[in-house]
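The values are calculated or read from the model by the stated rules, or taken from the named source; none is laboratory data. None of these values were measured; they are calculated from a predicted model. Backbone-built Cβ (ideal geometry, glycine too); neighbour counts: all protein chains shown. SASA here: full protein model, heavy atoms, side chains in, ligands and nucleic acids out. Shrake-Rupley method; radii C 1.70, N 1.55, O 1.52, S 1.80 Å.
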Amino acid sequence: MTAKKVILGFSGGLDTSFCVKYLIQDRGMEVHSVLVDTGGFSDEELQQIEAHAYRLGVKTHTTVNAVKTYYERILKYLVFGNVLKNQTYPLSVSAERLIQALEIVRVAKEKGAEIVAHGSTGAGNDQVRFDLIFHVLLPNAEIITPIRDLKLSRDDEIAYLKKNGIEMDAKKAAYSINKGLWGTSVGGRETLKSLGKLPDEAWPTQVSKTGTETITLGFKQGELISVNGSHFDHPVEAIRKLSSIAAPYGIGRDIHVGDTIIGIKGRVGFEAAAPILIIKAHHLLEKHVLTKWQQNLKEQLAQFYGNALHEGQILDPVMNDIQSFFENSQKHVSGTVSIELHPYRFVCLGVESAFDLMSSKFGAYGEMNSGWSGEDVRGFSKIFGNQLKIFHTVAECKK
């Protein structure tokens, strides 16, 4: 009997390593692993993961470089919208899971597979993100989720792999780490409770820089194009450069607490030096070059967009509608932002832009003005408060 072919989303970590062995050993399947690189691996790491996949027994292993696709499809819109989930989290893992699911679908179609699998647990968001996209784009496919279905603990997985001749690094296995271009999430026993911080050794990037330094970020129509005056061919390269400068300061480390798609509260650590700096710098630049109503509407749409993306709704046409608005809003979001870096913190110093609406030609806030007279303001204030005056007058009469 021919073994059933299954396409497995694979990272080389504990969960997906278990999935390979289980699907082959216990289910008798032919496993084809797919690693979708969203910027979290070096070439050496990719080679090591591929070798690990074949040691586990996969029939074929495919590495998909989706870094630029990831940026063009999702990340630039997170910047345009200044999206931080609960004012904290730059959607590091939320966003990359969607690209990974889309690429797994593409490979599954190419290989003619009717079964797809992923290593998500039954207690998080990822299971919904993967399942939702698979259901929509592979409506006839069977979805297998060994970790969720078997309700396994990490210790259970380690024991199973050891029994089958696969040793996993116990230190690495203690923490669930997902690394990508837009940041790294870190989950462990400390994040399972409402109180507690991750130890220094749990963070992938150790703090090695002291003192301070000032950097400049250059934006063109909302996209990061330069760091410290050095221009890059693609924003992905600029993001990586910024991360190499800022991550050793420990900037962008935090613990996010949020509502999961399945209704429970979740807590996860993350480090995202470049995303946090880019979003904060971009937001400051927008405050200088956009009108108040542009900013107001963008904030409302960005909150909706971030929440929908977090919950896996990238295929809903409303997301394209919002992206179109974001694109149009970025026409004048060009200039440089200066930032002072310190260990564990940063300060945005200010901006320079040809489109800066803070111009002394029209007046200086709190000082002298040149665009209107005192009489103009008296008349404006009277008209501006007219409806309030009517309301309070009528309300007083009715007492």
If you check every pair at least six apart or on different chains, which have Cβ atoms under 6 Å apart with a residue in region 53-77 that is of a type in the set (S, T, N, Q) first and a residue that is open to solvent by less than 60 Å² (accessible area, probe 1.4 Å) second? THR60/HIS32; THR62/VAL34; THR62/VAL107; THR63/LEU35; THR63/LEU46; ASN65/ASP37
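Just for strands (runs of 3 or more DSSP E) wholly inside region 1-81: which have at least 3 residues that are open to solvent by 10 Å² or more (accessible area, probe 1.4 Å) and closer than 30 Å to TYR305 by Cα?
Working: elements: 5-9, 30-37, 60-65.
Strands (runs of 3 or more DSSP E) meeting the threshold: 60-65.
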Pairs please, first residue from region 85-112 and within 16 Å of VAL67 (Cα to Cα), second anywhere and surrounded by fewer than 18 Cβ atoms within 10 Å (Cβ to Cβ) and of a type in the set (D, E, K, R), Cβ atoms under 7 Å, 6+ apart in sequence or on different chains. ILE99/ARG73
Determine, yes or no, whether THR205 is closer than 24 Å to PHE41 by Cα and among the β-branched types (Val, Ile, Thr). yes
Taking only pairs six or more apart or across chains, which ones have beta-carbon atoms under 7 Å, a first residue in region 209-231 that is farther than 13 Å from LEU242 by Cα and touching a residue at least 12 places away in the same chain (Cβ under 8 Å), and a second residue that is assigned to a strand (DSSP E or B) and open to solvent by 50 Å² or more (accessible area, probe 1.4 Å)? THR212/GLU340
Among the residues of region 213-270, count how many are modelled with pLDDT under 95 and out of contact with any Ser or Thr (no Cβ under 9 Å at 6 or more places or on another chain). 6
For region 129-143, check the following and say yes or no: at least one residue is under 22 Å from the mean Cα position of the chain (by Cα), at pLDDT below 95 and open to solvent by 20 Å² or more (accessible area, probe 1.4 Å). no
Note down all Cβ pairs under 9 Å where the first residue falls in region 313-334 and is under 18 Å from LEU91 (Cβ atoms), the second is of a type outside the set (Gly, Ala, Ser) and open to solvent by 70 Å² or more (accessible area, probe 1.4 Å), and they're at least six residues apart or on different chains. ILE314/ARG73; LEU315/VAL136; VAL318/PHE304; MET319/GLN313; ILE322/PHE304
List every residue pair whose Cβ atoms lie under 6 Å apart, where the two residues are 6 or more positions apart in sequence or sit on different chains, the first residue falls within region 147-168 and is in a helix (DSSP H, G or I), and the second residue, located anywhere, is among the acidic types (Asp, Glu). ILE147/ASP15
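Looking at this structure, is HIS288 without any contact (Cβ under 8 Å) to a residue 40 or more places away in the chain and farther than 30 Å from SER153 by Cβ?
Criteria not met by HIS288.
Does LYS179 count as open to solvent by 80 Å² or more (accessible area, probe 1.4 Å) and more than 30 Å from GLY250 (Cα to Cα)?
Details: open to solvent by 80 Å² or more (accessible area, probe 1.4 Å): yes; more than 30 Å from GLY250 (Cα to Cα): no.
So LYS179 fails the test.
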Whether any residue in region 92-106 is open to solvent by less than 20 Å² (accessible area, probe 1.4 Å) and among the hydroxyl-bearing types (Ser, Thr, Tyr) is what I want to check. yes
Hits in region 196-213 (condition: open to solvent by less than 80 Å² (accessible area, probe 1.4 Å) and of a type outside the set (Phe, Trp, Tyr)): GLY196, LEU198, PRO199, ALA202, PRO204, THR205, VAL207, LYS209, GLY211, GLU213
Enumerate the helices (runs of 4 or more DSSP H) found wholly within region 296-399, keeping only those where 3 or more residues are open to solvent by 80 Å² or more (accessible area, probe 1.4 Å) and either within 30 Å of TYR70 (Cβ to Cβ) or of a type in the set (Val, Ile, Thr) (or both). 317-329
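Looking at region 246-260, which of the residues that are β-branched (Val, Ile, Thr) and either farther than 11 Å from SER185 by Cβ or free of Cβ contacts under 8 Å to residues at least 12 places away in the same chain (or both) is most open to solvent (accessible area, probe 1.4 Å)?
Going residue by residue through region 246-260, those that are β-branched (Val, Ile, Thr) are 251, 255, 257, 260.
Narrowing the set further to residues that are either farther than 11 Å from SER185 by Cβ or free of Cβ contacts under 8 Å to residues at least 12 places away in the same chain (or both) leaves 251, 257, 260.
Values: ILE251: 4, VAL257: 79, THR260: 19 Å².
Here the answer is VAL257.
Being among the polar types (S, T, N, Q) and in contact with a strand residue (DSSP E or B) (Cβ under 9 Å, 6 or more places away or on another chain) is the filter here; which residues of region 244-265 pass it? Spell out how you get there, then give the answer.
To start, the set of residues in region 244-265 that are among the polar types (S, T, N, Q) comprises 244, 260.
If the condition is that a residue be among the polar types (S, T, N, Q) and in contact with a strand residue (DSSP E or B) (Cβ under 9 Å, 6 or more places away or on another chain), then THR260 is the only one that fits.
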If I ask for residues that are open to solvent by 10 Å² or more (accessible area, probe 1.4 Å), under 17 Å from VAL186 (Cβ atoms) and not in a helix (DSSP H, G or I), which ones from region 261-280 would you list? GLY266, ARG267, VAL268, GLU271
Can you go through VAL186, VAL107 and tell me which one is touching a Phe, Trp or Tyr at 6+ places or on another chain (Cβ under 7 Å) and not aromatic (Phe, Trp, Tyr)? VAL186
